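The values are calculated or read from the model by the stated rules, or taken from the named source; none is laboratory data. What you see is a predicted model; the values in this text were computed from it and never measured. We place every Cβ from the backbone using ideal geometry, glycine too, and count neighbours over all the protein chains shown.
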Amino acid sequence: MKNFIAKGKIITVIAAAVILAGELVKIGGGGMVGVASTGAGEGEETEVSLTGVFEVAKAEVAISQGDKLYYVEADKKLSKTASGNTFAGYAYADAAAGDATVKLLLANGI
């Protein structure tokens, strides 16, 4: 197809602040959330994965497989609270309240 640009699985972004590899990243002012493939300093380029399943930081709340998860920009963790947060995807597996991480199925393009 002559107008094909990319598969859309990874996007290059300019870091607004320091980003660590594997960290959740909100992209621009819109509703996209991804996972940083590499770290970057403020103003540097980095690649962010938009699809797939990743183990990422979460709030101290029990999560069930299939729950909708939201990115909390203040602490860069996932929560089940929609209000004021950005939809990131779905829980790929259960996670207890005391667990530090949850497996996230990113929802970009779903």
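Overview of results
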{"item": "Number of the condition not met by Thr46 [criteria: (1) more than 10 Å from the chain's Cα centre (by Cα); (2) on the phi > 0 side of the Ramachandran plot]", "result": "(2)"}
{"item": "Test: Ala74 is in contact with a Lys or Arg (Cβ under 7 Å, 6 or more places away or on another chain) and of a type in the set (Gly, Ala, Ser)", "result": "no"}
{"item": "The range 87-108 - residue that is within 13 Å of Leu24 (Cβ to Cβ) and touching a Leu at 6+ places or on another chain (Cβ under 7 Å) and, of those, modelled with the lowest pLDDT", "result": "Asn108"}
{"item": "Residue check for Ala96: within 22 Å of Val18 (Cα to Cα) and free of Cβ contacts under 8 Å to residues at least 60 places away in the same chain", "result": "no"}
{"item": "Test: residue in the range 55-71 that is farther than 22 Å from Lys7 by Cβ and of a type in the set (S, T, N, Q)", "result": "yes"}
{"item": "Any hit, the range 68-81, residues being of a type in the set (Gly, Ala, Ser), outside any loop (DSSP other than H, G, I, E, B) and over 16 Å from Thr101 (Cα atoms)", "result": "no"}
{"item": "Gly8 part of a strand (DSSP E or B) and under 26 Å from Tyr90 (Cβ atoms)", "result": "no"}
